[in-house]
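Inspection log for the structure reproduced underneath, given as structure tokens.
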Amino acid sequence: MVENRRALNLFCHVVLIAGIVAILFPVWFTFVASTHTADRMREVPLPLLPGGHLWENYVTVLTHGVAGASTAPVSRMMLNSLVMALAITIGKIIISILSAYAIVYFRFPLRMFFFWMIFITLMLPVEVRIFPTYKVVSDLHMVDTYEGLVLPLIASATATFLFRQFFLTIPDSLMEAARMDGAGPMRFFWDVVLPLSRTNIAALFVILFIYGWNQYLWPLLITTQEHMYTVVIGIKRMIPSGDAAADWNLVMATAMLAMLPPALVVILMEKWFVKGLIEQEK
Amino acid sequence: MAAEKRTYFPTGWLPYLLVAPQLAITLVFFMWPAGQAMWQSMLLQNAFGTNVQFVWFDNFKELFADPRYLASFRTTAEFSLLVAVSGIGVGLLLAACCDYVLRGAKLYQTLVIWPYAVAPAVAAVLWSFIFAPSLGLATYLLKAWFGYDWNYLLYSGQAMTLVVIASTWRQISYNFLFFLAGLQSIPRSLTEAAAIDGAGPVKRFATIVFPLLSPTTFFLLVVNVVYAFFETFGVIDASTQGGPIEATQILVYKVYRDGFQGLDLSGSAAQSVVLMAIVISLTVIQFRYIERRVQY
């Protein structure tokens, strides 16, 4: 800028640092809570600096769970979350890329009808069809199964649109050349379209993994047995209603574990995350 | 960009096979349940489903005559407005600062955006621990410094404050990223020209930058309202559970409560249909806006 305002620059740094401290504080506080004994976590005021029980708290929740609230070990819940998140992510990517490919590269009867039907799913989030969807899943005997957790969440209008938009930018000449060389539609898909879609798939992967890992309402309905709980549901079940004595050190250790995988994905794949988030809305 | 390809592969059974998985899921888990919800919203039945009567729109009439439902509507409106405005405000402030500073912008960005990875329900657990009655750190400090009595399980205003903070905290990152992208796309020459004409940073922001960001702001307003309406279920369920006395019972939570705990199937179905109408209108607004945006 033409001017050099040190005061404004300083002000901006102060605002950013203050904002980040406010944003990070709950996580710091949670981390500190996860490193103390249960007794220390019942004394007011609560500690602001870490204690010496980090290892034993994390080992306890991972291997035994939180006594009184749930007997399933958190490692099992983490595994459930991982299976659900990966299945949702990979499933959504596969079925979306296939249907987008069909809609862009073929002209067949009912094509636009199918397109609009996929579009309408955008307007039917699980929250507005809770009860009947639960009924369908329980009629199919999929309560407390991974299929029941994953299948109803796997249709994706946004991912289909994203792939459709991208396919439309692939030059027609590529396809004409491939056809001239005698490549059929599936050959063209594997050898040309899929490799070109790599960056889009990476960006979608990050966004959808976070979406899948953080699911709440659906697993809450579909998992009734502790060995099927996802970690996000597990934490909620560990908190007794009201202000009753929870083992806050263990609950907070579980919260840290629940945040870790998606946070790592965002931080390590930040470039793809930003791309995915911004493009998803287009 | 073309909306259609000029050349196609010859049609056979292949395209149907390719769309089949998506369509099967859509039909079984989306269309059929949505149809069921609409059908049930016009039925009157008891909790066991043994006595069923077709009553046209009586359930809706009853719904909109129910003061508790209307109160839930008001709560949702208030909640989503608070979440949207505070999230957009903080997101814009941080993005503007991050765009202005020359050093450390990248690091700031990483630190601001990662809470997006935290599940809404986990965010609620974190914040309700800080604000826990008697035990929480914030509760202790409010008492010790200001003599303020905090107990979100008793006072409805405090419960609302808590769920707004927990919901906004996670959403700041999203608003921040979109504002930052918007700010970075504003040509430097515009703001520089204004600076040469003697406009200070505040004036430049108010008269040039903010008007240019208005499409982004409007888009984020819609997205944040959708988020507050539908994705904050976990926040409510993991902190206040709609209480105290339904003070934080947003519409989505009421559908769940009435259907799964109250076993009022017709009432819950009618509420689902109202929510569908809301999502459809919000989606239409969003798409109309995006279409206009494409023309720039």
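The values are calculated or read from the model by the stated rules, or taken from the named source; none is laboratory data. Predicted model, so just to flag it, every value in this text is computed and none were measured. Quick reminder, even Gly has a Cβ in these numbers, built from the backbone with ideal geometry, and neighbours come from all protein chains shown.
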Within the set of pairs 6+ apart or on separate chains, which have a first residue in segment A:109-120 that is touching a residue at least 40 places away in the same chain (Cβ under 8 Å) and of a type in the set (Val, Ile, Thr), a second that is buried (at least 17 other Cβ atoms within 10 Å of the Cβ) and outside any helix (DSSP H, G or I), and C-beta atoms under 9 Å apart?
A:Ile118/A:Ala155; A:Ile118/A:Ser156
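Regarding A:Met238, is this residue in contact with an Asp or Glu (Cβ under 6 Å, 6 or more places away or on another chain), over 27 Å from A:Ser99 (Cα atoms) and crowded, with 21+ Cβ neighbours inside 10 Å? Steps first, answer last, please.
On the way: in contact with an Asp or Glu (Cβ under 6 Å, 6 or more places away or on another chain): no; over 27 Å from A:Ser99 (Cα atoms): yes; crowded, with 21+ Cβ neighbours inside 10 Å: yes.
No: the conditions fail for A:Met238.
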Top-ranked residue of segment A:194-253 - restricted to ones that are in a helix (DSSP H, G or I) and polar (S, T, N, Q), ranked as nearest to the chain's Cα centre (by Cα):
A:Asn200
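crowded, with 16+ Cβ neighbours inside 10 Å, in contact with a strand residue (DSSP E or B) (Cβ under 7 Å, 6 or more places away or on another chain), at pLDDT below 90 and not in a loop (DSSP other than H, G, I, E, B), is that true of B:Leu44?
Details: crowded, with 16+ Cβ neighbours inside 10 Å: yes; in contact with a strand residue (DSSP E or B) (Cβ under 7 Å, 6 or more places away or on another chain): yes; at pLDDT below 90: yes; not in a loop (DSSP other than H, G, I, E, B): yes.
Yes: the conditions hold for B:Leu44.
To keep it simple, each residue is scored yes or no on (1) surrounded by fewer than 20 Cβ atoms within 10 Å (Cβ to Cβ); (2) more than 27 Å from the chain's Cα centre (by Cα); (3) at the interface with another protein chain (Cβ under 8 Å from one of its Cβ atoms).
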site	(1), (2), (3)
B:Ala166	no, no, no
B:Leu177	no, no, yes
B:Leu180	no, no, no
B:Gln184	yes, no, no
B:Ser189	yes, yes, no
B:Glu192	yes, yes, yes
B:Ala195	yes, yes, yes
B:Ala199	yes, yes, no
B:Arg204	yes, yes, no
Has segment A:192-204 got any residue that is modelled with pLDDT under 90 and of a type in the set (Lys, Arg)?
no
Condition first: farther than 30 Å from B:Leu107 by Cα, outside any loop (DSSP other than H, G, I, E, B) and of a type in the set (Phe, Trp, Tyr). Can you find one or more residues in segment A:96-104 that meet it?
yes
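Any idea which of B:Ala132, B:Ala144, B:Ala119, B:Ala124 is facing chain A (nearest Cβ under 10 Å) and either surrounded by fewer than 16 Cβ atoms within 10 Å (Cβ to Cβ) or acidic (Asp, Glu) (or both)? Please lay out each step first, then the result.
Working: B:Ala132 fails: either surrounded by fewer than 16 Cβ atoms within 10 Å (Cβ to Cβ) or acidic (Asp, Glu) (or both); B:Ala119 fails: either surrounded by fewer than 16 Cβ atoms within 10 Å (Cβ to Cβ) or acidic (Asp, Glu) (or both); B:Ala124 fails: either surrounded by fewer than 16 Cβ atoms within 10 Å (Cβ to Cβ) or acidic (Asp, Glu) (or both).
Unique residue meeting the criteria: B:Ala144.
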Which of the residues spanning segment A:149-169 are under 19 Å from A:Arg107 (Cα atoms) and within 9 Å of chain B (Cβ to nearest Cβ)?
A:Thr160, A:Gln165, A:Phe167, A:Leu168, A:Thr169
Residue among A:Leu79, A:Leu8 that alone is within 13 Å of chain B (Cβ to nearest Cβ) and more than 30 Å from A:Phe114 (Cα to Cα):
A:Leu8
Is there a residue being within 22 Å of the chain's Cα centre (by Cα), of a type in the set (Phe, Trp, Tyr) and more than 8 Å from chain B (Cβ to nearest Cβ) anywhere in segment A:98-117?
no
Could you list all residues from segment B:51-106 that are within 14 Å of chain A (Cβ to nearest Cβ), of a type in the set (Val, Ile, Thr) and either farther than 23 Å from B:Val223 by Cα or surrounded by fewer than 19 Cβ atoms within 10 Å (Cβ to Cβ) (or both)?
B:Val101
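So, in segment A:105-130, exactly how many residues are part of a loop (DSSP other than H, G, I, E, B) and surrounded by fewer than 23 Cβ atoms within 10 Å (Cβ to Cβ)?
Start the filter on segment A:105-130 by keeping residues that are part of a loop (DSSP other than H, G, I, E, B), which leaves A:107-110, A:124-125, A:129.
Those still in the list that are surrounded by fewer than 23 Cβ atoms within 10 Å (Cβ to Cβ) too: A:107-110, A:125.
Looking only at that region, the number is 5.
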Within segment B:205-278, which helices (runs of 4 or more DSSP H) (wholly inside it) include 3 or more residues that are under 16 Å from B:Phe60 (Cβ atoms)?
B:251-256
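Go through segment A:190-200 and give me each residue that's within 18 Å of A:Thr89 (Cα to Cα) and crowded, with 16+ Cβ neighbours inside 10 Å.
Within segment A:190-200, A:Ser197, A:Asn200 qualify.
Of the residues that make up segment A:261-270, is at least one among the β-branched types (Val, Ile, Thr) and closer than 18 Å to A:Ala155 by Cα? Talk me through it step by step, then tell me what you get.
Going residue by residue through segment A:261-270, those that are among the β-branched types (Val, Ile, Thr) are A:265-267.
In the following step, the residues that additionally are closer than 18 Å to A:Ala155 by Cα were identified as none.
No, segment A:261-270 contains no residue that is among the β-branched types (Val, Ile, Thr) and closer than 18 Å to A:Ala155 by Cα.
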Restricting attention to segment B:218-250, report how many residues are farther than 21 Å from A:Leu221 by Cα and either within 12 Å of the chain's Cα centre (by Cα) or within 14 Å of chain A (Cβ to nearest Cβ) (or both).
10
Kindly establish whether A:Met256 is within 30 Å of A:Asp39 (Cβ to Cβ) and under 24 Å from the mean Cα position of the chain (by Cα).
yes
